[in-house]
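The values are calculated or read from the model by the stated rules, or taken from the named source; none is laboratory data. In this text, all values refer to a predicted model and were calculated from it rather than measured experimentally. Virtual Cβ from ideal backbone geometry, glycine too; neighbours counted across all protein chains shown.
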Amino acid sequence: RERQSLTHKFSIGGHEGYITAGMYEDGSVGEIFLTDIGKEGSTLRGMMNSFATAILIALQYGVPLETLVRKFSYMRFEPEGMTSNPEIPFAKSMPDYIMRWLASRFLDVDLQEELGILTPAVRARQAAQEAASSHLGDVASPGPEDEPTQRTTEGNGNGGRSTGQALPATSALTDEPPVIPARRKGLDLGPACQQCGGMMQRTGSCYTCSSCGFNTGCG
């Protein structure tokens, strides 16, 4: 029996390898294999082959790919570093890269954008959002015709004159242009948590662990 597949060569900080993803007839991924990672008999090759086998079994037993991607993306350990893939320019680890690459080929653009995967579809969406925000800011900026006009009123009880300004109708609503909520463009991850070893995320000037709540860097 034949099955279509994709084979992708990757490099993370100088460590190279190949990912092969076997697909079902509907185009969804059904299995993955890793080859040529590290030297024969090395710990790295053994661990990554074991990882690929675990993912393969999970997929064949019906675990959604999105669940696996969310679980393993941004796990941080060596080897990590720059990659040769412009869609995933930096990888925190090999499982991080492998799972985000699978997401770039088999999952929807919303999750790709959330995970900071810069596929052509994500780049096009971000460009459209930036263009819309820029246009909205231009429309919200007051022009010469929106300047307040002077008015003069006669009398205030003692024969005097008082001047005031007629406010534009929109000023009663807000003086600030509306704000479009920004979608996450990747995760701002920090060091490993000192308490539980999980990944910490930037919260203002601090780093907070999403697993146990420990924070650091607040002074």
Quick check on region 21-43. Is at least one of its residues within 18 Å of ALA103 (Cβ to Cβ) and touching a His at 6+ places or on another chain (Cβ under 8 Å)?
yes
When the residues of region 72-119 are narrowed to those that are in a helix (DSSP H, G or I) and free of Cβ contacts under 8 Å to residues at least 24 places away in the same chain, which ends up surrounded by the fewest Cβ atoms within 10 Å (Cβ to Cβ)?
ASP110
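Residue-by-condition table, conditions (1) in contact with a strand residue (DSSP E or B) (Cβ under 7 Å, 6 or more places away or on another chain); (2) modelled with pLDDT of 90 or more; (3) in the same structural domain as SER210 (by TED's automatic domain parsing); (4) farther than 17 Å from ILE12 by Cβ:
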{"residue": "LYS39", "(1), (2), (3), (4)": "no, no, no, no"}
{"residue": "LEU44", "(1), (2), (3), (4)": "no, no, no, no"}
{"residue": "PHE51", "(1), (2), (3), (4)": "no, yes, no, no"}
{"residue": "LEU56", "(1), (2), (3), (4)": "yes, yes, no, yes"}
{"residue": "TYR61", "(1), (2), (3), (4)": "no, yes, no, yes"}
{"residue": "PRO64", "(1), (2), (3), (4)": "no, yes, no, yes"}
{"residue": "SER73", "(1), (2), (3), (4)": "no, no, no, no"}
{"residue": "ARG76", "(1), (2), (3), (4)": "yes, no, no, no"}
{"residue": "THR83", "(1), (2), (3), (4)": "yes, no, no, no"}
